[in-house]
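Presented below is the structure to which this report refers.
The values are calculated or read from the model by the stated rules, or taken from the named source; none is laboratory data. Everything numeric here is computed off the predicted structure, so don't read it as measured data. Backbone-built Cβ (ideal geometry, glycine too); neighbour counts: all protein chains shown.
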């Protein structure tokens with residue numbers, strides 16, 4: 001399966017987002033791939049507010065089964081979310097559970113005016129009624145495969161398919 005160029009998808013997403021930005025727009029990326037994508041988009045868009053980053057591990061509905069990852073990150077939201085038009089950024093949209101967890105955590109910080117989901121790729125397979133407002137590509141991923149975003153040593157982003165390891 002040939003995957004789209006992640007760098008070109010970033011540029012397309014930035015072009016789509018640019019006319020929608022207001023003085024109330026702020027961006028939050030989800031670790032890890034969503035944070036990389038958010039860093040790239042934040043730079044391309046020149047947003048005034050600093051970039052926020054979230055680790056939603058404690059908010060996942062499977063936390064009791066998965067436990068804490070070996071390298072937990074700290075959530076850092078350096079602006080007031082109240083009344084903000086938030087762009088919530090993740091790399092790949094799959095079941096919707098990560099996004100649900102992120103929204104649960106976001107509301108612990110306040111009440112945004114809106115939350116728009118920005119993803120590099122939507123691979124389908126939703127288990128919750130969650131959809132991205134901005135999506136770089138919709139892909140049919142073969143069963144047993146995982147679609148991930150990787151960051152190369154030179155900083156370039158690339159989508160990759162990997163065999164999915166059962167938990």
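In the set 132, 121, only one residue is in a loop (DSSP other than H, G, I, E, B), modelled with pLDDT of 95 or more and within 12 Å of the chain's Cα centre (by Cα); that residue is 132. For residue 91, are the conditions met, namely being buried (at least 17 other Cβ atoms within 10 Å of the Cβ), touching a residue at least 24 places away in the same chain (Cβ under 8 Å) and in contact with a helix residue (DSSP H, G or I) (Cβ under 6 Å, 6 or more places away or on another chain)? Yes, satisfied. Scanning the range 94-118 for residues that are in a helix (DSSP H, G or I), surrounded by fewer than 18 Cβ atoms within 10 Å (Cβ to Cβ) and touching a strand residue (DSSP E or B) at 6+ places or on another chain (Cβ under 7 Å) returns a single hit, 103. Is the range 62-85 home to any residue that is part of a strand (DSSP E or B), at pLDDT 95 or above and under 26 Å from residue 5 (Cα atoms)? Among the residues of the range 62-85, not one is part of a strand (DSSP E or B), at pLDDT 95 or above and under 26 Å from residue 5 (Cα atoms), which makes the answer no. In the range 28-39 there is at least one residue matching the filter, namely being within 14 Å of residue 151 (Cβ to Cβ) and part of a loop (DSSP other than H, G, I, E, B).
For residue 32, the criteria (1) at pLDDT below 95; (2) over 15 Å from residue 97 (Cβ atoms); (3) more than 16 Å from the chain's Cα centre (by Cα) hold in every case but one, which is (3).
Only a single item in (1) at pLDDT 95 or above; (2) assigned to a loop (DSSP other than H, G, I, E, B) is not met by residue 44, and it is number (2). For residue 158, which of the numbered conditions (1) surrounded by fewer than 19 Cβ atoms within 10 Å (Cβ to Cβ); (2) in a loop (DSSP other than H, G, I, E, B) fails to hold? For residue 158, the failing item is (2). Restricting the range 140-155 to residues that are in contact with a strand residue (DSSP E or B) (Cβ under 9 Å, 6 or more places away or on another chain) and under 23 Å from residue 39 (Cα atoms) leaves a set whose member that is surrounded by the fewest Cβ atoms within 10 Å (Cβ to Cβ) is 152.
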